[in-house]
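Chemist: Next up is a structure, given as structure tokens.
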Amino acid sequence: GLKIRAFQEVVDRHPALPVTGVLLYALVRQAADRGDTADAERWVERLLRYHPKSDHVTDARFALADGARDRPAVARQAYRELVARLPESGPRADARFGLAQVAMGLAAPAEAQEALDGFLKEAAPTDPRIPRALALLADAHEAQGRLDQVLRVTERFLSRFAADPAAPAIQLKRGYLLLRERQWDPARQALEAARDAGEPAVAAPAHVWLG
């Protein structure tokens, strides 16, 4: 719109003026909201070049990372920068959670695990993302073949979030791994819980594995 074009003219003509910091952030936000990752990345680079100490740098990086659905590698790098540079545990936990989700999508489970371990240490105890983080952590360990850690994380999940909507799927994962470990009674208990409480996509394989 006219406002965005006016912002662009100001930052093109006077990139070093203090006011252009907030204008560049607005341009990042607008580009990210419309899904133009390349444009958002370009404005973030200009913000960092001319106003590296701006209060808007963190928000600009979050806008870029959160909006880069079409370019996960860009989101990954933005989250990495945030994790490395943020001094406050709260915003840093946000960045770790975002990084973990992107890393799992990019088949980088070790990086996802590291980010999730950090998130779980820094997140507030009542953070509603903790169940999702634990489920992702179990997936990250499983992708690395660390089945003992998967069992540990699923037990941790179920001890805190037995009523969570994801609990039946966690029970299914746990039951299958316990079967592989020939721990018959715990496996049966987990699979029965998955069968009885899960949606069809969870209940059906639980029923099959129970025989």
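The values are calculated or read from the model by the stated rules, or taken from the named source; none is laboratory data. From a predicted model like this one, the values you see are computed outputs, not experimental measurements. Positions of Cβ are generated from backbone atoms using ideal geometry, with glycine treated the same way; all protein chains shown enter the neighbour counts. The area values use the complete protein model at the heavy-atom level, side chains included, leaving out ligands, DNA and RNA. Shrake-Rupley method; radii C 1.70, N 1.55, O 1.52, S 1.80 Å.
Chemist: If you rank E81, E9 by how much accessible surface each has, with a 1.4 Å probe, what is the order from largest down?
Modeler: My answer, sorted largest first, is E9, E81.
Chemist: Quick check: from the Cα gyration tensor, does the stretch 137-200 come out rounded (a/c under 1.5), prolate or oblate?
Modeler: oblate
Chemist: May I pose another question? Using a 1.4 Å probe, what is the accessible area per residue for the stretch 44-110, in Å²?
Modeler: 51
Chemist: Here's another thing I want to ask about it. Would you work out the charge dipole size for the stretch 82-127 about its Cα centre, treating the Cβ of every Lys and Arg as +1 and the Cβ of every Asp and Glu as -1, and quote it to the nearest 20 debye?
Modeler: 80
Chemist: Among L158, A108, A140, which residue has its Cα positioned farthest towards the positive end of the charge dipole of the chain, with +1 placed on the Cβ of Lys and Arg, -1 on the Cβ of Asp and Glu, and the dipole taken about the Cα centre?
Modeler: Value: A108.
Chemist: So with the 1.4 Å probe, I'd like the accessible area per residue for the stretch 139-201, rounded to whole Å².
Modeler: For the stretch 139-201, the solvent-accessible area averages 58 Å² per residue.
Chemist: Name the shape class, rounded, prolate or oblate, that the alpha-carbon gyration tensor gives for the chain, where a ≥ b ≥ c are the square roots of its eigenvalues, rounded holds for a/c under 1.5, and otherwise prolate holds if a/b is larger than b/c and oblate otherwise.
Modeler: prolate
Chemist: Here is a further query. Using only alpha-carbon positions, what ratio does the radius of gyration of the stretch 106-156 give when scaled by 2.2 N^0.38 Å?
Modeler: Here the answer is 1.07, to two decimals.
Chemist: Where nothing but the Cβ of Lys and Arg (+1) and of Asp and Glu (-1) is charged, how large is the charge dipole of the chain around its Cα centre, in debye to the nearest 20?
Modeler: Approximately 260 debye in magnitude.
Chemist: Sticking with this one: Shape verdict for the stretch 44-114, please, from the Cα gyration tensor: rounded (a/c under 1.5), prolate (a/b greater than b/c) or oblate.
Modeler: oblate
Chemist: For the stretch 151-194 and the stretch 4-54, what is the separation of their Cα centres, given in Å?
Modeler: 48
Chemist: Taking only C-alpha pairs under 8 Å that are 6+ residues apart, what is the relative contact order of the chain in percent?
Modeler: Relative contact order of the chain: 10 percent.
Chemist: Divide by every residue of the chain the summed helix terms, -39500 (n - 2.57) for each DSSP H run of at least 4, and state the resulting mean residue ellipticity at 222 nm, rounded to the nearest 500 deg cm²/dmol.
Modeler: Dividing the helical sum by the residues of the chain leaves -24500 deg cm²/dmol.
Chemist: Carbon and sulfur atoms: what percent of the 1.4 Å accessible area of the chain do they account for?
Modeler: 51
Chemist: About its Cα centre, what dipole magnitude does the stretch 155-211 give when the only charges are +1 on Lys and Arg Cβ and -1 on Asp and Glu Cβ, stated in debye to the nearest 20?
Modeler: With only Lys, Arg, Asp and Glu charged at Cβ, the dipole is about 180 debye.
Chemist: Could you work out the relative contact order of the stretch 114-211, using alpha carbon pairs under 8 angstrom and six or more residues apart, expressed as a whole percent?
Modeler: Answer for the stretch 114-211 is 18 percent.
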